[in-house]
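Values in this text are rule-based calculations from the coordinates and carry no lab data. Remember, it's a predicted structure, so these values are computed and weren't measured experimentally. So basically every Cβ, Gly included, is an ideal-geometry build from the backbone, and we count neighbours across all protein chains shown.
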Amino acid sequence: MKKFKRILSYTFLSIATIISIYPFFWMVVSSTNASVDVTRGRQLPGTHLIENLTNLFDQVNIVTALTNSAIIAVLSTFLTLLIASLAGYGFEMYRSRGKDIAFNILLLSMMIPFAAIMVPLYRLFGRISHTAPLIGLDTLAAAFLPTITTAFFIFFFRQNTKMFPKDLIEAGRIDGLTELGIFFRIYMPTMKTTYAAAAIIAFMNSWNNFLWPLVVLQSPGKQTIPLLISNLGSSYSPDYGMIMSAITIATLPTALVFFFMQKHFVAGMMGSVKG
Amino acid sequence: MKKVVFMILTIMMVAVLVACGNGDEDSVDDQEANDETEGTTNGEGEAITAWAWDPNFNIRALELADQAYDGEVDLELEIIENAQDDIVQRLNTSLSSGTTQGMPNIVLIEDYRAQSFLQAYPDAFYPLTDYIDVDAFADYKIETTSLDGEQYGLPFDTGVAGLYIRTDYLEEAGYSVDDVQDITWAEYIQIGVDIKEATGNNMLTQDPSDLGLIRMMIQSAGTWYFEDDGSTPNLANNPALEAAMQAYRELMEANIVSMVSDWSQFVGAFNDGDVASVPTGNWITPSITAEESQSGNWAVVPFPKLEVEGATNVTNLGGSSWYVLNSDGKEAAATFLANTFGSNEMFYQDLIDEIGAIGTYLPGMQGEAFEEGHEFFDGQSIVADFSEWTEAIPAVNYGMHTYAIDDILAVELQNYLNDKELTDVLEDAQSQAETQLR
C-alpha cells in the first residue's frame, strides 16, 4: 500500500515536472530549428542553431540590448533593495503615531494598475527632460526610477523584519552604534536570505518589464531585451527559429541568477510565510 | 559616524546617477543635435526619423525611399524598427500626454486603426493635402487615410486579397484553375468538399478569434461594420454581414476547415500542405513561397464573392499608410514622403523588384516589374493581377473601432455556430456595439 502511494505521488510529480519544463524544452529545441520546422511543431533538435544565431546577431543589436537590460536590472535591483529594506525596517522597528495609516495607504497603492498612472508618469518625465536630461525621457534611468519603491517590496521586508530579533538592536545601541549603523552592520548581514529572495524577484521584474520601458525608451540604442524580442515577432513572415534563439538568450540571465541564489531564495520565502 | 554613513549614501546615489548618465550621453547629444536642426537646414541636412514595423517589408521600403529621394532639401533619414503594437502603445501614451518629445516625424499606421488616431488626436497629424495628388491613389485608401476633407496619410501598401490555391489538389479533385476564377462562396465550399474527398486535405484554416475572413467578405460587398460616418454600428441590418456569417457557418458545417489558434499554426498549415487554399492579403506571398518544395503547385485567383447586391470578387485585408506628426520637422518629412512614395513611379518598380511590395499609387502600378511571371506560381504574373484588383477594391470607412467590433462579433459568431438565430446574433451584436461605443 505504501509502495502504491509512493508510485502514485511520483507519477503525479513527474507529470507536473514535464508540464512545467516542457515549454523550456520546446524553446531550446526550437532555437535549433528552421522557421518552417518550428511552425510545423518539430520536437527534435535540429541543425540550424548556428544559422539562427548568425541571423540574430546580423539583424539586431542584441549585445546592446543585453547590456541595457543588465544595467537597468542591476541598478534597479540594488536601489529597490536599499530603499525598500530601509522603509520596511523603519515601519516595523520604530514607533510613530501615523505609522499604520501610512502603511495601509501604501498597501492601497498596490491596487492601482500601472496602466492607470502611465500617462501622468510619462508627462512627468517629459517635463523633467528639459531640466534634468539625465533622468528624462529616453534614458535608462527613466526606465527603472518609477519601479524602485514599490509597496510590494516594502511589505515584503516589513513582514520579514518581524523575525529579526529585537535584542540585537538593543545590543547594537549599547555598543554605541548609530541607528543607520545598526541597519547596515547588523540588520543587513542577518537578513541575507530575505535580501536574496527580494533580489531575485526584483531582478526578474526589472528584466522582464515591458510596458514602461516600451514607452520611455524610444531610440534603438536604448532598447532592452523584451523590446527587441517584441520587434522580432512583428514582421509579416517572422523567423521563428531566430526568435526562439533570442528568447533562449534572454532567459539565461534570470535562470542563472535564480540558480545561484536558489538556496537563499527558498529560505527567504519561507521566512516571509512564517512571519 | 552618522555623517560618514550619510556621506557614503550620498556618494552612492550620485555614482548611480552618473552611471546612468554615462550610457545616455548619446541621447543628450542627439537632443542637442535635434534642437539645432529643428526647423532649419544646416550643412549636414535636416534629420528626420521614421517608425515602422517588419524589417523585410516596411523598413526595406523606407530604405529604398531614402535611396530614391532626390528632392532639393538635404535630408538625413533615420529609420527605427518597432513592432506595430508597440508603435500604437507609444503613440497613444505620447499623444494623450501631450508630449511629442522622442516621437518620430514619420510613422506607419495600419489602415484599420488610422481613423481612431486621426479622430482622437485632431491636431497631432500634419495634413498632406498640399503635398500629394490625392486622385492618383486607389480610392479605397483615401477613404481611410483622410478626415474632414483633409488628407493626412500617404497611402502605402495594398492589402488586396486573393485566393491562393493548390493547383495539384484541384487537379486531383477533377478541377482546373479556370474553374476557380471569380467563383462564389457556395462554389468554393463545393470545391472544398470535393478536394477533401479526393485528397483528404481541408480547404482552409480559420482562427476563431480572428475575423479577417468576415472583414474581407463584407468589404468585397462594399460595406463595413459601420455606416458611412465611421461611428454608427451597422451590424443588424447589413445584408452583406448576414451573408458573410452564413457563408462562414456553411464553411464550418461542410467540415473543410482546419482550426488554428495563432499565426505560426496558420503558416504551418499551408507550408505543410494540410490545406488547399489560403484566402488572404497579398502580403502572405513570402510565407507561401518559403516552402520551395511546393513551387509550381500554387495559383492566385480572385477572392470568392458573396451572393448579395453589390458583391464583387475583390477585397482587402490589412495594409497601412504613412503619417507625419505635427511637430518640428514636419515640412521636411512631408517633402520626403511626397518626393518618394507620393510621386516617384520608378521607385514603385523597385519596391516590386526588391521586396514584392505592391503600392496604391496608380501611376506607379505598371511596367516590367509588374508584368513579370512568378516561377513559384507557374509563371502567373501575380503582381499584375493584384494591381488590377487593387484599383477595384470597394472603398469603405473603417471607422474608429474596427477591432472593438471584431471582439464583439467573435463571441456572437460562436453563438451563431451553436445554433443561435442569425437575426438575434446580429441584433445582440448591434446593441452591444451601441452601448460599448457610445
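Taking the Cα centre of segment A:61-274 as the origin, how large is its charge dipole in debye, to the nearest 20, when only Lys and Arg (+1) and Asp and Glu (-1) carry charge on their Cβ atoms? Kindly include the intermediate steps, with their values, before the conclusion.
Numbers: 14 positive and 8 negative charges, 87 e Å.
The dipole magnitude comes to about 420 debye.
Once Lys and Arg get +1 and Asp and Glu get -1 on their Cβ, which of B:I191, B:T99, B:A357 lies farthest toward the positive end of the dipole of chain B?
B:T99
Which length gain, in nm to one decimal place, applies between A:S20 and A:M1 when the Cα-Cα distance is subtracted from 0.36 nm times their residue separation?
So the chain would gain 4.0 nm between A:S20 and A:M1.
What angle, in degrees between 0 and 90 and rounded to the nearest 10, separates the Cα long axis of helix B:111-120 from the longest principal axis of the Cα atoms of chain B?
50 degrees
Quick one: net charge of B:V260's neighbours, Cβ under 15 Å, K/R +1, D/E -1?
Net charge around B:V260: -4.
Students often check this: by mean Cβ neighbours within 10 Å, which of B:375-386, A:217-228 ranks highest, and how do the rest follow?
A:217-228, B:375-386
Counting only other chains, and only Cβ atoms inside 10 Å, what mean value do you get across the residues of A:24-37?
The mean count of partner-chain Cβ atoms within 10 Å per residue comes to 1.
For segment B:281-357, run through the chymotrypsin sites (Phe, Trp or Tyr not before Pro) and keep only the ones in DSSP coil with at most 11 other Cβ atoms within 10 Å of their Cβ. Don't jump to the answer; show the numbers that get you there.
On the way: sites: B:W283, B:W298, B:W322, B:Y323, B:F336, B:F341, B:F347, B:Y348; in loops: B:F341.
Here no loop site has a sparse enough neighbourhood.
Using a Förster distance of 51 Å, how high is the FRET efficiency between B:A395 and A:D58, based on the Cβ-Cβ distance and rounded to 0.05?
On the way: r = 41 Å, r/R0 = 0.81.
Step by step, r from the Cβ atoms, then E = 0.80.
What is the Cα centroid distance between segment B:186-263 and segment A:54-117, reported in whole angstrom?
48 Å
Taking the Cα centre of chain B as origin, work out the dipole magnitude from +1 charges on Lys and Arg Cβ and -1 charges on Asp and Glu Cβ, in debye rounded to 20.
The dipole magnitude comes to about 1540 debye.
At 7 Å along the Cα-to-beta-carbon direction for both A:S96 and B:A120, put a label point, then send me their distance in nm to one decimal.
Spacing of the two 7 Å Cα→Cβ label points: 4.1 nm.
Among A:127-139, B:105-117, how do they line up from the highest to the lowest mean number of other beta-carbon atoms within 10 Å?
B:105-117, A:127-139
Counting partner chain Cβ atoms within 10 Å of every residue's Cβ in A:133-144, what's the average? Working shown, then result.
Working: counts 6, 9, 4, 6, 6, 8, 6, 7, 7, 2, 1, 1.
Per-residue shielding by partner chains comes out at 5.
If you count, for each residue, the other Cβ atoms within 10 Å and average over each peptide, how do B:271-281, B:83-93, A:172-182, B:124-134 line up from highest to lowest?
Packing proxy ranking, top to bottom: B:271-281, B:83-93, B:124-134, A:172-182.
Rounded, prolate or oblate: which fits chain A, taking a ≥ b ≥ c as square roots of the Cα gyration tensor eigenvalues, rounded meaning a/c under 1.5, else prolate when a/b beats b/c?
On the way: a/c = 2.42, a/b = 1.34, b/c = 1.81.
It comes out oblate by the Cα gyration axes.
What FRET efficiency do you get for B:L437 and B:M252 if R0 is 22 Å and r is their Cβ-Cβ distance, rounded to the nearest 0.05?
Taking R0 as 22 Å, the efficiency between B:L437 and B:M252 is 0.20.
Please find, in a Gaussian network model of chain B (springs between Cα atoms separated by less than 10 Å), the residue of B:Y164, B:Y175, B:Y140 whose mean-square fluctuation is greatest.
B:Y175
Over segment A:61-274, what is the mean sequence separation of C-alpha contacts under 8 Å (at least six apart), divided by residue count, expressed as relative contact order in percent?
Relative contact order comes out at 33 percent.
Within chain A, which is the longest segment containing none of the chymotrypsin sites (Phe, Trp or Tyr not before Pro) that sit in a DSSP loop and have at most 16 other Cβ atoms within 10 Å?
Details: sites that count: A:Y94, A:F210.
My reading of the result: A:95-209 is the longest stretch.
Taking a ≥ b ≥ c as the square roots of the Cα gyration tensor eigenvalues, with a/c under 1.5 meaning rounded and otherwise prolate when a/b beats b/c, else oblate, which class fits segment A:1-153?
The shape class here is oblate.
How big is the protein assembly as shown along each principal axis, measuring the range of its Cα positions in Å and listing the largest first?
In descending order, the Cα extents are 97, 85, 53 Å.
Please compute, for peptide A:164-171, the average count of beta-carbon atoms on other protein chains lying within 10 Å of each residue's beta-carbon.
The per-residue average across the peptide is 0.
Using a Förster distance of 41 angstrom, determine the FRET efficiency expected from the C-beta separation of B:S231 and B:E197, and round it to 0.05.
Taking R0 as 41 Å, the efficiency between B:S231 and B:E197 is 0.30.
Compute the label zone of A:A132 within segment A:68-94: residues whose backbone N is under 17 Å from the point 7 Å along Cα-to-Cβ.
Output list for this probe position: A:76, A:79-80, A:83.
Student exercise: in chain A, how many lysine pairs 8 or more apart or on different chains have Cα atoms under 20 Å apart?
9
What is the sum of charges around B:E388, taking Lys and Arg as +1, Asp and Glu as -1, for the other residues whose C-beta is under 14 Å from the C-beta of B:E388? Numbers along the way, then the final one.
Details: positive: none; negative: B:D182, B:E371, B:D385, B:E391.
Neighbour charge sum, excluding B:E388 itself: -4.
Largest first, please: the extent of the C-alpha atoms of segment B:151-191 along each principal axis, to the nearest Å.
That gives 50, 21, 14 Å along the principal axes, largest extent first.
How many percent of the alpha carbon pairs in segment A:69-163 exceed a separation of 22 Å?
Pairs farther apart than 22 Å: 40 percent.
Nearest 20 debye, what's the magnitude of the dipole of the protein assembly as shown about its Cα centre given +1 on Lys and Arg Cβ and -1 on Asp and Glu Cβ?
I would put it at about 7220 debye.
Please identify, among B:S387, B:S293, B:S258, the residue showing maximal mean-square fluctuation in a Gaussian network model of chain B using a 10 angstrom Cα cutoff.
Highest fluctuation among the options: B:S293.
Compute the long axis of helix B:345-355 from its Cα atoms, compare it with the longest principal axis of the Cα atoms of chain B, and write down the angle in degrees, 0 to 90, nearest 10.
On a 0 to 90 degree scale, this one is about 80.
What do you get for the angle between helix A:151-161 and the principal long axis of chain A? Use alpha-carbon atoms, 0 to 90 degrees, nearest ten.
Once rounded, one gets 60 degrees.
Find which of A:N160, A:V38, A:M110 sits farthest along the positive direction of the dipole of chain A, computed with +1 on the beta-carbon of Lys and Arg, -1 on that of Asp and Glu, about the Cα centre.
Farthest towards the positive end: A:N160.
Around B:T184, what is the net charge, scoring Lys/Arg as +1 and Asp/Glu as -1 over all other residues with Cβ under 10 Å from its Cβ?
Around B:T184, the surrounding residues sum to -2.
Tell me, B:Y188, A:Y22 in order of fewest to most beta-carbon neighbours within 10 Å?
Working: B:Y188 25, A:Y22 11.
So the residues, fewest neighbours to most, are A:Y22, B:Y188.
Can you tell me the length gained on complete extension of the stretch A:T47 to A:A70, counting 0.36 nm per residue apart and subtracting the Cα distance?
5.3 nm
With unit charges on the beta carbon (Lys/Arg positive, Asp/Glu negative), name the residue among A:I229, B:Q366, B:A50 whose Cα is farthest towards the positive pole of the charge dipole of the protein assembly as shown.
Projecting each Cα onto the dipole axis, the largest value belongs to A:I229.
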